[in-house]
Protein chains: 2
Amino acid sequence: MSSIPIRPDVPLGAPHERSDAARNRERLLSAARDLVAELGAEALTMDALACKAKVGKGTVFRRFGSRAGLMMTLLSDSESEFQHGFMFGPPPLGPGAAPKDRLVAFGEGRIYFVLENGELLKAAGAATRNRFDVPATKLSHRHMEVLLREAGIADPWVMAMSLTYALDPERIVDDVRVRGISPTRLADSWRELVTRLLRAA
Amino acid sequence: MSSIPIRPDVPLGAPHERSDAARNRERLLSAARDLVAELGAEALTMDALACKAKVGKGTVFRRFGSRAGLMMTLLSDSESEFQHGFMFGPPPLGPGAAPKDRLVAFGEGRIYFVLENGELLKAAGAATRNRFDVPATKLSHRHMEVLLREAGIADPWVMAMSLTYALDPERIVDDVRVRGISPTRLADSWRELVTRLLRAA
DNA sequence: ATAGAAAGCGGACCATAGTCCGTTTAGTAT
DNA sequence: ATACTAAACGGACTATGGTCCGCTTTCTAT
């Protein structure tokens with residue numbers, strides 16, 4: 001067969017990924033997952049990754065751009081799942097419930113999501129100047145913005161930003177792991193925040 | 001004269017600062033201020049500072065502990081002033097006004113404070129694992145906590161944490177400088193947040 | 001004045017993210 | 001099959017925050 005191979009996720013007309021590139025990407029991803037599983041995301045160094053994947057350091061950076069980029073790639077599956085939940089899933093997280101209830105559910109979901117992927121998220125956010133250029137972050141922000149607008153907030157864009165920072169991964173992880181606040185308590189406080197913010201005048 | 005020299009700010013019984021240490025501290029502080037003025041806080045490297053102050057690198061770290069520590073030292077004057085404002089100054093920022101109004105004023109004040117000292121604050125917060133171990137941050141948090149408790153919030157400690165992150169220096173600076181949001185708009189949104197959060201049921 | 005102790009000093013050294021560029025290799029056109 | 005080109009590669013190199021430890025200075029007790 002001489003047909004063009006199917007490459008999902010590659011924008012039409014993208015210049016074709018070379019076979020060695022594909023192979024190295026697999027090796028890197030696999031090695032990275034191993035290292036994270038065995039030492040934790042925080043302890044993963046780019047040198048160690050390159051070495052374990054039997055690849056030059058330049059290749060690692062060519063592929064992921066930065067340490068943060070690597071962490072984002074590692075996160076993308078879980079992240080997509082969470083996104084799917086609030087965009088298409090059943091209410092109250094998904095469409096169909098009142099904005100207030102969706103926001104409460106969103107925050108709760110986010111808290112538990114962060115606690116499951118905390119190391120990766122911290123590593124992804126910490127390194128570079130892209131804390132907010134991450135597509136996933138943009139999407140979450142936009143989601144909250146829409147809900148806040150529906151609920152009659154005057155400046156939903158800025159308010160969504162405030163709430164985004166209130167749910168900052170570092171904040172959540174440190175509250176729970178360093179300052180000993182239970183996830184439930186965080187979720188309850190989030191509920192109080194959203195409830196008071198959005199109740200009718 | 002053989003009397004003990006007066007050393008304000010040094011806790012009683014502190015082990016006495018040696019004269020060479022004092023001299024180097026002055027040199028370092030002065031050099032650091034020069035470098036910040038001339039290149040900006042972001043571009044200040046510890047090597048350059050040591051070099052400019054004619055001091056070994058070890059001395060720099062002995063004195064300030066880390067880059068973040070240095071930035072905090074550089075900030076401490078402005079920070080004290082702001083603290084004095086919300087603790088002892090005239091209402092609505094200081095005592096005497098309703099908690100809601102004090103919180104609104106606090107956030108506004110904080111926004112403008114951050115915009116004046118943004119580079120330093122970002123540099124102070126970014127480097128180490130002490131984002132919340134900073135005394136100044138603790139004090140701000142405690143201040144908000146007290147106001148929120150007075151206003152009937154169920155879990156003022158956690159809520160104060162949410163608001164602390166909503167006022168994160170990086171968030172404020174990037175909103176204004178990268179995303180083009182005006183300080184006024186930020187302040188208005190903060191007012192909306194606090195007003196809705198604290199209005200009577 | 002002197003000696004001893006403790007604090008301070010300096011700069012070589014380390015770890016790690018990220019860059020650079022000469023070399024290799026996969027795909028392609030002939 | 002061959003030659004050509006653009007992409008990919010690898011690892012030496014740079015920048016920078018932070019550590020270590022043997023040497024020096026200051027202070028104090030005698």
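The values are calculated or read from the model by the stated rules, or taken from the named source; none is laboratory data. Since the structure is predicted, the reported quantities are computational estimates derived from the model, not experimental observations. Cβ coordinates were reconstructed from backbone atoms using ideal geometry, including for glycine residues, and neighbour counts include every protein chain displayed. Heavy atoms of the whole protein, side chains included, go into the accessibility calculation; ligands, DNA and RNA do not. Shrake-Rupley method; radii C 1.70, N 1.55, O 1.52, S 1.80 Å.
Is at least one residue of the stretch B:167-185 of a type in the set (Gly, Ala, Ser) and in contact (Cβ under 8 Å) with a residue 24 or more places away in the chain?
no
Which of (1) modelled with pLDDT of 95 or more; (2) open to solvent by 10 Å² or more (accessible area, probe 1.4 Å); (3) not β-branched (Val, Ile, Thr) does residue B:189 not meet, given it meets every other one?
Failed condition: (2).
Matching residues to (1) more than 16 Å from DNA strand C (Cβ to nearest atom); (2) within 14 Å of another protein chain (Cβ to nearest Cβ):
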{"site": "B:42", "(1), (2)": "no, yes"}
{"site": "B:50", "(1), (2)": "no, no"}
{"site": "B:66", "(1), (2)": "no, no"}
{"site": "B:87", "(1), (2)": "yes, no"}
{"site": "B:97", "(1), (2)": "yes, no"}
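Given the conditions (1) assigned by TED's automatic domain parsing to the domain that holds residue A:150; (2) within 8 Å of DNA strand D (Cβ to nearest atom); (3) basic (Lys, Arg), and given that residue A:102 satisfies all but one, which numbered condition is not satisfied?
For residue A:102, the exception is condition (2).
Of everything in the stretch A:98-116, what is outside any loop (DSSP other than H, G, I, E, B), modelled with pLDDT of 95 or more and surrounded by fewer than 16 Cβ atoms within 10 Å (Cβ to Cβ)? Give them in sequence order.
A:112
Looking at residue A:173, is it over 18 Å from residue A:100 (Cα atoms) and either crowded, with 17+ Cβ neighbours inside 10 Å or not assigned by TED's automatic domain parsing to the domain that holds residue A:75 (or both)?
When the stated conditions are applied, residue A:173 passes them.
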